[in-house]
Each structure stands twice: as C-alpha cells, then as structure tokens.
Amino acid sequence: MKSIGTTKPRCFWANPKNPLYVKYHDEEWGRPVHDEALLLEMLILESFQAGLSWECILNKRESFRESFDGFDRDKILAYDDAKIQELMSHPGIIRNRAKIKAVVTNTAVFKAIQDEFGSFDAYLSGFCPTEPVIDHVSTTSPISDALSADLRKRGMKFVGSTTIHAFLQSIGVFNSHQPDCFLHPNHHHHD
C-alpha cells in the first residue's frame, strides 16, 4: 500500500494528530545527546513521566521549562520551600510534591556526579556501550537496571529501571525506533 503524500512511516506511538509529538519523534527521540543541560532536562522530564504518558509530559514541556527556569542546574539547586510551594500551584506542570522535590534532589546528585566524573556524559559512558543498542521491544535492560541502581544509591528519586530505560532511549543509547519506522537504522525506503 502506498503511503499518501509525504507521510513517513513512523513508530506507532508518535500520535500523527499531535505536531509536537511528531516533531519530537522525528528530531529528538533516539538521537545521541551529550549536552549536559539537555541530559539534565531529559532526566527531569522522565522522572515526571512515571505513571503517566510521555505525550502528557511532552505537551507540558514548555510549561516545565518555564517553571523550572529553563532547567538551569544552578537555579534549581537554589530552590527553597517557597519555590516548591509556588511550583505546586503551577497549573501547567504535574503538581506532585514528591516529584517536584525530587527535581531538586536529583539535580544535586547530577552536579555531584559531574564533579566526580567531569561530566554526567562521562559517567553515563561507564554504563553504556559506544554504539547505540538496536532494541524496540524492551522496557528495561541490564544497562538501565545497573544505572538505576547506582543513581538510587547516590540519592536520586523516581529513577526506576523503566524510567531510566526510557531516558536512555530518548538520548540515543538505545535506538528503539520500530523496524518499519523511517528512523530505524536498517529502514529501507520502498519508493
């Protein structure tokens, strides 16, 4: 069956009716990320996703970005109870006190890791292979199990293996595009 017009074959979850989602799927998801600020942003967003859909988080991403000062590490580290209270009354984000407080805790751990390893990226490379793992089936992995356990030992919250696996998929450690998706590495265009 020929696809109509220029519709590319995509992963089934990339809701074609949501331009934000299609753009995220096409331009961000599964591409290697080594930028520290973006790694922190993705880690924070994934921690909010626990129990919710990623589409829900993505739709609120701009509100998150606004309310968390552009995910600026040092600004987040300075948050006090008043700021957490203010975030709790922000209608554009997920108002879960435990998750909001975890952002501050997790950012502190993120900075401690940067101080210890030189960068969070360098820390990740100790757990992750250099080439992307092609896998669109798993929701956890031995890599996410080990990384999740280490992050939890260091004091991070809402970083269970499923959350960390999703994080690793989003930053390209796993390429989890489906075989028939145009972004799958072995996808052949049948024109």
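The values are calculated or read from the model by the stated rules, or taken from the named source; none is laboratory data. Computed from a predicted structure; not experimentally measured. As a convention, Cβ positions derive from the backbone with ideal geometry for all residues, glycine included, and neighbour counts pool all protein chains shown. When the accessible area is computed, the model is the full protein with side chains, heavy atoms only, and any ligands, DNA or RNA have been set aside. Shrake-Rupley method; radii C 1.70, N 1.55, O 1.52, S 1.80 Å.
From the list S89, S53, the one residue that fits, being closer than 20 Å to N15 by Cβ and not acidic (D, E), is S53. Residues of region 39-65 that are surrounded by 13 or more Cβ atoms within 10 Å (Cβ to Cβ) and of a type in the set (D, E, K, R): E41, E46, E55, K60, R61, R65. Of all the listed residues (S138, S125), the sole one being at pLDDT 95 or above, open to solvent by 30 Å² or more (accessible area, probe 1.4 Å) and not aromatic (F, W, Y) is S125. Please find, within region 52-71, the residue that is nearest to P19 (Cα to Cα) out of those that are among the hydrophobic types (A, V, I, L, M, F, W, C) and part of a helix (DSSP H, G or I). Of everything passing the filter in region 52-71, L58 is nearest to P19 (Cα to Cα).
Under the condition of being more than 22 Å from L38 (Cβ to Cβ) and of a type in the set (S, T, N, Q), the residues counted in region 119-160 number 3.
Residue selection: H190 satisfies the criterion of being at pLDDT below 95 and open to solvent by 10 Å² or more (accessible area, probe 1.4 Å).
If the condition is being touching a helix residue (DSSP H, G or I) at 6+ places or on another chain (Cβ under 6 Å) and open to solvent by 70 Å² or more (accessible area, probe 1.4 Å), then region 74-96 contributes K75, R95. Within region 84-122, the set of residues being under 17 Å from S47 (Cβ atoms) and aromatic (F, W, Y) comprises F110, F120.
May I ask you to verify whether E36 is modelled with pLDDT under 95 and surrounded by fewer than 17 Cβ atoms within 10 Å (Cβ to Cβ)? Against the criterion (modelled with pLDDT under 95 and surrounded by fewer than 17 Cβ atoms within 10 Å (Cβ to Cβ)), E36 does not qualify. Does G118 count as open to solvent by less than 30 Å² (accessible area, probe 1.4 Å) and either at positive phi or at pLDDT below 95 (or both)? Here the answer is no, as G118 does not meet what is asked. Counting only helices (runs of 4 or more DSSP H) that sit wholly inside region 72-191, those with at least 1 residues that are touching a strand residue (DSSP E or B) at 6+ places or on another chain (Cβ under 6 Å) are 161-170.
Candidates K83, K101: the one that is touching a residue at least 12 places away in the same chain (Cβ under 8 Å) and of a type outside the set (S, T, N, Q) is K101. The condition of being aliphatic (A, V, I, L, M), under 29 Å from D26 (Cα atoms) and under 17 Å from the mean Cα position of the chain (by Cα) holds for only one of V103, V137, that being V103.
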